[in-house]
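Structure first, commentary second.
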Amino acid sequence: MEVFEIEGGKPLSGEIVVSGSKNATTPILAATLLTTETCVLSNLPLIEDVFRMLEILESMGAEVEWRDERTIAITNRNIDPEKMDIEKVKKIRSSILLFGSLAARFDAFSLYHPGGCVIGARPVGTHFDALEKLGVRITQQEKSYAVDASGRRAGNIVLREMSVTATENAMMLAAGMPGQTIIKIAATEPHVEDLGRFLVAMGADIQGLGTHTLVITGTSTLRGTEHTIIPDANEAATFLILGVATGSTLSVRHAREEHLDIVLEKLREFGAEFVVEEDMITVVPHQSLHSIAKLDTRTYPGVPSDVQAPFGVLATQVVGETLIFDTIFEGRFNYVPELEKMGARATVLNPHQVIVRGKTPLRGTTIKSYDLRAGVSLIIAALCAEGKTVIEDIYQVDRGYERIEERLQKLGARIERVSR
């Protein structure tokens, strides 16, 4: 077992570079299945979820060539879904994105139940309803889903909720078959737009990117293309919150202000200050941080649920009481008991709401990462704390944050990856 050992209580300084977006990379990798021609993708984050998705594609017959550290050429000429690596599918939630791309290319296939973080109920009903409106029939079996896509056709979809991955699945299927499809109540996150730009470069016509209504004219002859993955807005937000919580002068390169509007606004509500440049945002340490009445997560352009836990850690380091309301997931507060072991004062009111009281001095102890975002939040807590913290089950962090300890060490953090 690998753990992080962290000595906290020390301000950080320097520049940290944001990697490519995990949430853009995995759907775009799935979308490469829509063509038999070669696609070249650059600015890939070197994280576990991306490696697992590549392994799933390779198990089906994809040819992957690494052209440099962060650039691949991928050719999906001879693909056989029956050869899909079941164990890899079970490890990542992103494997659900294969429904749309495979349904555009194959008349029938099976997909094992996707895995990923346990952060509450993430029903697949919205996905299935959207695909069924485009003529795809999905039957749930004990361990897998049987998909009959022989009747696929363009059509109109009103999504049951603003689901990111359901939007992406519907986009991929619509882009990969002839005719015009309209998707209403579509998600608008930056990584959804990035997938849309990739599909347009492949030959699809998509109107309305960045809005809640997409009009997609697809084709069964999508072509290969080149694409650069956008920077990861969630990672940028994490590093900005880290800088504010630890009172550090921290510059976050490739942080795009237009993707972080509400995050920056909420941090300013806490009393934080920033210098915003074209390709970098720098945290300016401030001594009078204070609580805010409520922080609630919403679908984009609201505060992302993925940065709720880092905000929860920040709330322990400011004066006053903050209500955090996660409107999206009911399992996002598994980090709170771990913070309480460190001395935090928090009360979970229900599966969606927690009150955090600060300012609380945190102290090092042994804690556990239960999911990706909780794990990186506990790293922030450990860097705020006095003494030594040991974080277990760090694979969860590796799923979404590339070599996090090495990057933090360059800022002066005392963090080590240790095998036990």
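Since every read-out is calculated from the coordinates, none of them should be taken as a lab result. Keep in mind the model is a prediction, meaning the values are calculated, not measured. Cβ sites come from the backbone with ideal geometry, for glycine too, and all protein chains shown count toward neighbours.
Contact order for the chain, expressed relative to its length and based on alpha carbon pairs under 8 Å spaced 6+ residues apart, stands at 21 percent.
For the pair ARG67 and LYS90, what calculated FRET efficiency results from E = 1/(1 + (r/R0)^6), where r is the Cβ-Cβ distance and R0 = 35 Å, to the nearest 0.05? Working shown, then result.
On the way: r = 30 Å, r/R0 = 0.85.
With a Förster radius of 35 Å, E is 0.70.
Close amide H contacts of LYS388 (hydrogens built in the peptide plane, cut-off under 5 Å, sequence separation of 5 or more or a different chain): GLY364. About its Cα centre, the dipole of the chain is roughly 760 debye, where the only charges are +1 on Lys and Arg Cβ and -1 on Asp and Glu Cβ.
Residues in the stretch 175-187 carry Karplus couplings, in order, of 5, x, 9, x, x, 9, 10, 10, 10, 9, 6, 6, 6 Hz; the curve used is 6.51 cos²θ - 1.76 cosθ + 1.60 with θ = phi - 60°, and Gly or Pro positions show x. For the stretch 320-332, backbone phi angles converted through the Karplus equation (6.51, -1.76, 1.60; θ = phi - 60°) give residue-by-residue couplings of x, 10, 10, 8, 10, 10, 8, 7, 9, 10, 9, x, 7 Hz, Gly and Pro being listed as x.
Using the Cβ-Cβ distance between GLN180 and ASP261 with R0 = 25 Å, the FRET efficiency computed as 1/(1 + (r/R0)^6) comes to roughly 0.20.
Output the antiparallel fraction of DSSP beta bridges having both residues in the chain, as a percent to the nearest 5. Intermediate values should be presented prior to the final figure.
On the way: 57 of 78 bridges.
The answer is about 75 percent antiparallel.
Based on other C-beta atoms within 10 Å, arrange SER13, SER94 from fewest to most. In order of increasing Cβ crowding within 10 Å: SER13, SER94. Distances between placed amide hydrogens fall under 5 Å for THR228 paired with SER42, all partners being 5 or more residues away or on another chain.
Give the order of ARG105, ARG363 when sorted by the count of other beta carbons within 10 angstrom, beginning with the fewest. Mind dumping the intermediate values first?
Numbers: ARG105 22, ARG363 16.
With the fewest neighbours first, ARG105, ARG363 line up as ARG363, ARG105.
Once backbone amide H atoms are built at 1.01 Å from N, ASP296 has PHE325 as its partners under 5 Å, excluding neighbours fewer than 5 places away on the same chain. Working note: Karplus 6.51/-1.76/1.60 with θ = phi - 60° gives the stretch 411-416 the couplings 8, x, 6, 9, 9, 9 Hz, where Gly and Pro are set to x. Potential lengthening of the chain between GLU406 and THR347 amounts to 17.9 nm, from the contour at 0.36 nm per residue minus the alpha-carbon distance.
For ARG268 and ARG223, the difference between the fully extended length at 0.36 nm per residue and the C-alpha to C-alpha distance is 11.7 nm.
Tell me, what are the semi-axes, in whole angstrom and largest first, of the equivalent ellipsoid of the chain as set by the roots of 5 times the Cα gyration tensor eigenvalues?
Working: eigenvalues 284, 91, 84 Å².
In descending order, the three semi-axes are 38, 21, 20 Å.
Positive end of the dipole of the chain (Cβ unit charges, origin at the Cα centre): among PRO301, THR365, LEU240, the Cα lying farthest that way belongs to THR365. GLU416 label point, 7 Å along Cα→Cβ, cut-off 16 Å on backbone N: hits in the stretch 9-47? Counting only backbone N, you get no residues.
Going by neighbour counts of Cβ atoms within 10 Å, the residues HIS212, HIS191 line up, fewest first, as HIS212, HIS191. In whole Å, how far is the Cα centre of the stretch 346-420 from that of the stretch 76-106? The distance from the Cα centre of the stretch 346-420 to that of the stretch 76-106 comes to 33 Å.
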